1. LYS256 to SER23: FRET efficiency via 1/(1 + (r/R0)^6), r the Cβ-Cβ distance, R0 25 Å, to the nearest 0.05?
2. Using the Cβ atoms and a cut-off under 14 Å, what net charge is assigned to the surroundings of LYS114, where Lys and Arg are +1 and Asp and Glu are -1?
3. In what order, largest first, do PHE24, PHE84, PHE92 sit by accessible area if the probe radius is 1.4 Å?
4. Using the 2.2 N^0.38 Å rule of thumb for compact globular proteins, work out how the chain stacks up: its C-alpha Rg over that value, please.
5. Averaged per residue, what accessible surface does the stretch 22-146 expose to a 1.4 Å probe, in Å²?
6. If the label point is 7 Å along Cα→Cβ of ALA55, which residues in the stretch 195-230 have backbone nitrogen under 17 Å from it?
7. Just to compare against my own numbers: the Cα pair-distance distribution for the stretch 13-151, 5 Å bins, whole % per bin, please.
8. If r is the Cβ-Cβ distance from ASN240 to ASN130 and R0 is 41 Å, what FRET efficiency results, to the nearest 0.05?
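The values are calculated or read from the model by the stated rules, or taken from the named source; none is laboratory data. Keep in mind that this is a model prediction, so the values were computed, not measured. Virtual Cβ from ideal backbone geometry, glycine too; neighbours counted across all protein chains shown. Ligands, DNA and RNA are stripped out before the accessible areas are found, and what is left, the full protein with its side chains, is counted by its heavy atoms. Shrake-Rupley method; radii C 1.70, N 1.55, O 1.52, S 1.80 Å.
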Amino acid sequence: MIEVKNLRKSFGEIEVLKGITTSFEKGKTSLVIGSSGAGKTVFFKCLLGIYEFTAGDIIYDGHKASNDTKESKKERRTNIGTVFQYSALFDFMTVEDNVKFPLDMFSNMSNSEKEDRAHEVLKRVNLEENSFKRLPSEISGGMKKRVAIARAIVNQPKYLFCDEPNSGLDPKTANIIDNLIQEITKEYDITTIVNSHDMNSVLEIGEKIVFLNKGLLAWEGTNQEILHTEQEDVKNFVYNSNLMKKVRQALIKEGK
Ligand SMILES: Nc1ncnc2c1ncn2[C@@H]1O[C@H](COP(=O)(O)OP(=O)(O)OP(=O)(O)O)[C@@H](O)[C@H]1O
Ligand SMILES: [Mg+2]
């Protein structure tokens with residue numbers, strides 16, 4: 001579980017995160033949403049430990065980031081899996097070597113153990129064995145996402161951070177990837193946080209949704225609650241597409 005307490009982050013004079021308090025539970029997929037410039041990426045980078053925050057605290061399963069030593073910070077880093085936007089695989093390494101990479105960095109396993117573990121997670125994300133020795137340029141975008149997820153979980157992380165995990169994918173593949181992230185979160189009891197502005201993802205996997213607006217937490221709730229909120233800024237975000245406007249009309253018509 002990750003608890004965020006009154007988190008603030010400034011760059012010089014400019015305060016980007018203005019005191020965010022929320023929590024993210026184990027075994028659940030939480031979504032951070034909000035308009036461009038709301039502060040989602042900055043928030044993510046604070047959670048990842050890439051940015052030092054200015055005030056407040058982040059508590060990872062009882063461990064306060066503010067009490068971190070160099071060692072504890074490094075140890076936490078090994079407990080975090082990340083799926084970057086556009087997958088960010090190393091294009092000069094095979095699929096299998098991409099997935100083995102975190103084990104090369106952080107584990108004491110033998111080469112054959114690493115290979116077995118890499119194969120195990122690649123199979124878990126339903127990647128076919130004949131792709132294991134291919135280069136990222138030789139597989140599709142959806143397959144690259146699977147590899148990125150496999151790489152993120154190979155080290156059995158406690159926390160999984162996904163930045164726009166389905167950007168650039170067709171809606172059907174995006175849906176499959178969203179569901180895969182949710183399944184893995186439950187199966188391995190991970191605290192998963194997804195940065196997204198895809199309403200399909202919000203409705204499909206948003207067990208908890210945190211809506212940021214201008215550096216503040218403007219709303220939080222579930223994917224059921226977000227459809228019924230009367231809060232203007234959230235409504236403007238949720239019902240900004242024609243499809244979602246139709247969803248709203250249908251809900252009103254059904255009296256929901
Ligand atoms: N390194 C930085 N130095 C100064 N200002 C920054 C820095 N990184 C982000 N900002 C500012 O913080 C604000 C929030 O940026 P952020 O990237 O978190 O937005 P976002 O919600 O992720 O937007 P998007 O949906 O477009 O990715 C922006 O006004 C941005 O200019
Ligand atoms: Mg961003």
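1. Computed FRET efficiency for LYS256 and SER23: 0.30.
2. Details: positive: LYS100, ARG117, ARG151; negative: GLU96, ASP97, ASP104, GLU113, GLU115, ASP116, GLU120.
Every neighbour counted, the sum reads -4.
3. Per-residue accessible area, sorted high to low, gives PHE92, PHE84, PHE24.
4. Values: Rg = 18.9 Å, N = 256, 2.2 N^0.38 = 18.1 Å.
The reported ratio for this selection is 1.05.
5. Accessible area per residue, the stretch 22-146: 52 Å².
6. 215-217
7. 2, 8, 16, 17, 16, 15, 13, 8, 4, 1, 0
8. Plugging the Cβ-Cβ distance into 1/(1 + (r/R0)^6) gives 0.50.
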